[in-house]
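Here the structure is laid out as structure tokens; the discussion comes afterwards.
Every number here is computed from the coordinates shown, using simple stated rules; none is lab data. This structure is a prediction, so every number in the text was calculated from the model and none was measured. Every residue, glycine as well, gets a Cβ built from its backbone with ideal geometry; the counts of neighbours run over all protein chains shown.
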Amino acid sequence: MTELQNIVWKNLEGIQLENEFLSVVVLPSLGGKIASIFEKKRGVELAAQNAGDFYRIPEWGDDFSLYDASGLDEAFPNIAEAVVERDGKEYIYPDHGEIWSSSFGWIREEEGVRLKYRSRRFGYVYEKKITLSGNQIILDYDIQNQWDQPFPCIWTFHGLMRYEEDMQFLYSDEAERFENVFESEELGRVGERYDRVNERYDFERVPPKKTKAMVKFYVDGKLENGFCGYRYPALGVECRYHYDAEKFPYLGVWITAGGFRGDYNCAMEPANGYYDNVKIAEKNNTLYYLKKENPLKFSLQIEVCDLKNDNVR
């Protein structure tokens, strides 16, 4: 049984979903961001937290780096800013998309909350329903293009999670190679590729705090298994994502160990384009086109559980 109540989270109105296992806070005015994932058995917060006392409310098109980076939301219709021609017109795709800076309408439903946003600039309707089921958070999405022309876009899960030095990333066995997409001391130039096991960088760990590192990489190529996650040995918990890899075959990983504004967080980011920028995805023949007659409907499950002994590498 899930209990729902209206709360104030820092300076914003929020909705709290709570059951025996989890307490989850959703902020409709910040893109339906999940601001908190609190595991009740051990009293552990898993979502990356806003270190300040309040959230600044962004305007459409603002620079993402000027605002708080915390919690779990989505980057849509892009991550990196781009100018795209569509139907003979130029459209500015803003930094990290427009979901994170948009206010959603919402209604309570049995066992959860449904949120909705209508894009005036791009002509789509974006809905997501958030529910709890035991130790899982279920995110159900329905994105519909209301214009006749296909909409070029990328959907990326942008879930910023707690950073711990001893944490471990969980991948399926098919994640054998990685491509660096952000120049850094740790991974070198953009485009460098590495085997999963190599002498330069450990893709299953985060850089230590003292490094002040900031890295981003993708699994090299498509995945067929929609699974990834985090293991927190010292906290005694894991957080696992389950999703449709046929719709989201690409997986990016972002980590800042103090290298970005002094923040400490990380994100495993299933995506349907490779990678980040609609222009790059178009060049790589991986750009998704949302068609009026074919809405993008899918689910992502976030499982919070005890440490598992299942030999996930």
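Quick one: check the C-alpha center-to-center distance for segment 68-128 versus segment 279-295, whole angstrom.
For segment 68-128 versus segment 279-295, the Cα centre distance is 16 Å.
Taking 19 Å as the cut-off for C-alpha to C-alpha distance, list the pairs among Lys129/Lys297; Lys247/Lys291; Lys10/Lys210 that go past it. Before the final figure, lay out the partial values.
Numbers: Lys129/Lys297 11 Å; Lys247/Lys291 14 Å; Lys10/Lys210 30 Å.
In this structure, Lys10/Lys210 lie more than 19 Å apart at Cα.
Given the options Tyr194, His242, Gln168, identify the residue whose Cα lies farthest towards the positive end of the charge dipole of segment 124-245 (+1 on Cβ of Lys, Arg; -1 on Cβ of Asp, Glu).
Highest projection toward the positive end goes to Gln168.
Separation of segment 211-274 and segment 170-189 by C-alpha centroid, Å?
11
Have a look at Ala51, Ala271, Ala75 and tell me which one the Gaussian network model of the chain (Cα, springs below 10 Å) gives the largest fluctuation.
Ala51
Lys/Arg Cβ at +1, Asp/Glu Cβ at -1, dipole of segment 1-117 taken about the Cα centre: which of Leu12, Ile79, Met1 is farthest positive-ward?
Comparing the listed Cα positions along the dipole, Met1 ranks first.
What ranking do Val8, Val253 get, fewest neighbouring Cβ atoms within 10 angstrom at the top? Don't jump to the answer; show the numbers that get you there.
On the way: Val8 8, Val253 21.
Lowest to highest Cβ neighbour count: Val8, Val253.
Please compute the modelled spin-label separation between Glu204 and Phe21, points set 7 Å along Cα→Cβ, answer in nm with one decimal.
2.5
Rounding to the nearest 20 debye, state how big the charge dipole of the chain is about its Cα centre with +1 on each Lys and Arg Cβ and -1 on each Asp and Glu Cβ. Mind dumping the intermediate values first?
On the way: 39 positive and 54 negative charges, 67 e Å.
Computed about the Cα centre, the dipole is about 320 debye.
Which value, in debye to the nearest 20, gives the size of the charge dipole of segment 32-176 about its Cα centre, when Lys and Arg are +1 and Asp and Glu are -1 at the Cβ? Please list the in-between numbers first.
Numbers: 16 positive and 28 negative charges, 144 e Å.
So the dipole magnitude of segment 32-176 works out to roughly 700 debye.
Nothing charged except the Cβ atoms of Lys and Arg (+1) and of Asp and Glu (-1): what's the magnitude of the dipole of segment 112-163 about its Cα centre? Round to the nearest 20 debye.
My answer is approximately 240 debye.
Please label the shape of segment 200-313 as rounded, prolate or oblate, based on the square roots a ≥ b ≥ c of the eigenvalues of the alpha-carbon gyration tensor (a/c under 1.5 means rounded; beyond that, a/b larger than b/c means prolate, else oblate). Numbers along the way, then the final one.
On the way: a/c = 2.22, a/b = 1.36, b/c = 1.63.
Oblate shape, in that a/c is at least 1.5 and b/c is the bigger or equal ratio.
Going by a ≥ b ≥ c, the root eigenvalues of the Cα gyration tensor, does segment 52-129 fall in the rounded group (a/c under 1.5), the prolate group (a/b larger than b/c) or the oblate group?
On the way: a/c = 2.52, a/b = 1.26, b/c = 2.01.
Cα axes put segment 52-129 in the oblate bin.
In percent, what relative contact order does the chain have, based on Cα pairs under 8 Å that are 6 or more apart in sequence? All intermediate terms of the calculation are to be shown ahead of the outcome.
On the way: 796 pairs, mean separation 52.6, N = 313.
After rounding, I find 17 percent.
Kindly provide the chymotrypsin sites (Phe, Trp or Tyr not before Pro) of segment 1-79 that DSSP labels as loop, not H, G, I, E or B, and whose Cβ sees at most 15 other Cβ atoms within 10 Å. Don't skip to the end; give the middle numbers.
Values: sites: Trp9, Phe21, Phe38, Phe54, Tyr55, Trp60, Phe64, Tyr67; in loops: Phe21, Phe54, Tyr55, Trp60, Tyr67.
Filter output for segment 1-79: Phe54, Trp60.
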